[in-house]
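What follows is one structure encoded as structure tokens, with my remarks underneath.
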Amino acid sequence: MTFLPVITLALVLDIIGVILICFGLDDLGILDTIGIAVFGLWIFWRSGGKRDLSDRKPVSTKVKSAQIKKQGSALLKRLGKVGLRVGITAIFEFIPYVGAILFGWTILVIIEFASDIKNFSLEAGE
């Protein structure tokens, strides 16, 4: 997913929250739940690594066990990264009035893309 649709969705969620607060209404956590689901899955999907399926050879059960443990630890690391980023944002978003003023989902998307730019420049050797 590119930057424009994601940042647009984040802005829409944050602006709807501001509009509701201006009229003295509360979304009862609906916008926050949508944000957690959408952006949590998005960051999890983006944090996926390279998947090389070209060299599939039969391996022994010891090697399979080691591979499964390695894949399991990589999955837990990805879940931790997603949980930390989305969880912190969600905590602030669920606080009444703070979540409406903070624009947390927009900040989360900008930080995620900024980390991509940083990683890209580090890989390029700059």
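Each reported figure results from applying straightforward, stated rules to the coordinates on display, with no laboratory input. Keep in mind the model is a prediction, meaning the values are calculated, not measured.
A simple rule links phi to the HN-Hα coupling: the Karplus curve 6.51 cos²θ - 1.76 cosθ + 1.60 with θ = phi - 60°, which for the stretch 87-100 gives x, 5, 4, 5, 4, 5, 5, 6, 6, x, 6, 5, x, 6 Hz, with x for Gly and Pro. The phi-based Karplus calculation (6.51 cos²θ - 1.76 cosθ + 1.60; θ = phi - 60°) puts the 3J(HN,Hα) values of the stretch 13-19 at 4, 5, 5, 4, x, 5, 4 Hz, whole numbers, x for Gly and Pro.
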